[in-house]
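Asker: First, the structure itself, so that you have it in front of you.
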Amino acid sequence: MEEVQQISVFAENKPGKIEVITKILTKEKINIRAITIASSNKYGVIKLLVDNPEKAYRALKEEGLSVALNPTLALEMEDEPGGLHTIAQIVKKYQINIEDACGFVIKSKKKAVLVIQVKDIEKVKNILLSEKIHFLNKKELYNL
């Protein structure tokens, strides 16, 4: 079971920052699969799932951006009422703290993905596997 990598770009909270990032990724022919943005006053974090995270990391770093590559787990869930609740029950049962997450639908009314970041990724991976949670590997996630 492999982890998927999420890119985090730390940026000043001002117009044009997303354009800078997307310009670099476009030039490198890197496809964005999902994006979240969180900001607080003067600074923010732009988190991306891309089809080639290592290449994206290098390209953004070479352009002087403050960037990190973070291991995450991509959990598959049903796109129906209660799909996320199933995951939430397991997380509560084992007292797993999700530090960061983003979710999106792959196929409406069929399949969704919850991408989570946790401290002890190997431990959490084993717990979720024991609960029959299916993970998407890099190829599955990056080629949706």
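Asker: So in region 12-35, with the set limited to residues that are part of a loop (DSSP other than H, G, I, E, B) and modelled with pLDDT of 95 or more, which one is nearest to ALA74 (Cα to Cα)?
Answerer: If we take residues in region 12-35 being part of a loop (DSSP other than H, G, I, E, B) and modelled with pLDDT of 95 or more, then ILE30 is nearest to ALA74 (Cα to Cα).
Asker: Out of ILE116, ILE133, report the one residue that is surrounded by 14 or more Cβ atoms within 10 Å (Cβ to Cβ), touching a helix residue (DSSP H, G or I) at 6+ places or on another chain (Cβ under 9 Å) and farther than 18 Å from ILE7 by Cβ.
Answerer: One residue alone meets the criteria, ILE133.
Asker: Also: Based on this model, can you work out whether GLU140 counts as among the acidic types (Asp, Glu), surrounded by 15 or more Cβ atoms within 10 Å (Cβ to Cβ) and in a helix (DSSP H, G or I)?
Answerer: So GLU140 fits the description; yes.
Asker: If you don't mind, another one. Are any residues in region 35-57 closer than 20 Å to PRO15 by Cα and either under 11 Å from the mean Cα position of the chain (by Cα) or crowded, with 16+ Cβ neighbours inside 10 Å (or both), and if so, which ones?
Answerer: Let us first name the residues in region 35-57 that are closer than 20 Å to PRO15 by Cα, namely 35-48.
Listed by number, the residues that qualify are ILE35, THR36, GLY44, VAL45, ILE46, LYS47, LEU48.
Asker: Follow-up. Given the conditions (1) under 21 Å from ALA38 (Cβ atoms); (2) not in a strand (DSSP E or B), report the number of the one that VAL67 does not fulfil.
Answerer: Of the numbered conditions (1) under 21 Å from ALA38 (Cβ atoms); (2) not in a strand (DSSP E or B), the odd one out for VAL67 is (2).
Asker: Name the pairs: first residue in region 79-95 and touching a residue at least 40 places away in the same chain (Cβ under 8 Å), second residue assigned to a helix (DSSP H, G or I), Cβ to Cβ under 9 Å, at least 6 apart or on different chains?
Answerer: Going by the 9 Å Cβ cut-off, the qualifying pairs are ILE87/LEU128; ILE90/ILE127; ILE90/LEU128.
Asker: Cβ-Cβ distance below 6 Å, separation of 6 or more or different chains: which pairs start in region 96-120 with a residue that is at positive phi and end on one that is at pLDDT 90 or above and buried (at least 17 other Cβ atoms within 10 Å of the Cβ)?
Answerer: These pairs meet every condition: LYS109/ASP79.
Asker: Considering every residue within region 50-57, establish whether at least one is in a strand (DSSP E or B), in the same structural domain as ILE18 (by TED's automatic domain parsing) and at pLDDT 95 or above.
Answerer: Checking region 50-57: not a single residue is in a strand (DSSP E or B), in the same structural domain as ILE18 (by TED's automatic domain parsing) and at pLDDT 95 or above.
Asker: Filter region 2-18 down to the residues that are crowded, with 19+ Cβ neighbours inside 10 Å and aliphatic (A, V, I, L, M), then identify the one that is farthest from VAL124 (Cα to Cα).
Answerer: Per the criteria, the residue is ALA11.
Asker: Next question. Failed condition for LYS111, given (1) under 18 Å from ILE133 (Cβ atoms); (2) at pLDDT 90 or above; (3) in contact with a strand residue (DSSP E or B) (Cβ under 7 Å, 6 or more places away or on another chain), with all others met?
Answerer: Exception for LYS111: condition (2).
Asker: A follow-up question, please. Identify the single condition in (1) at pLDDT below 90; (2) closer than 11 Å to LEU73 by Cα; (3) not basic (Lys, Arg) that ILE106 does not satisfy, given that it satisfies every other one.
Answerer: Among (1) at pLDDT below 90; (2) closer than 11 Å to LEU73 by Cα; (3) not basic (Lys, Arg), the lone unmet condition for ILE106 is (2).
Asker: Can you find a residue in region 69-76 that is free of Cβ contacts under 8 Å to residues at least 40 places away in the same chain and under 23 Å from GLN5 (Cα atoms)?
Answerer: No.
The values are calculated or read from the model by the stated rules, or taken from the named source; none is laboratory data. From a predicted model like this one, the values you see are computed outputs, not experimental measurements. Here Cβ is always computed from backbone atoms with ideal geometry, including for glycine, and neighbour counts include all displayed protein chains.
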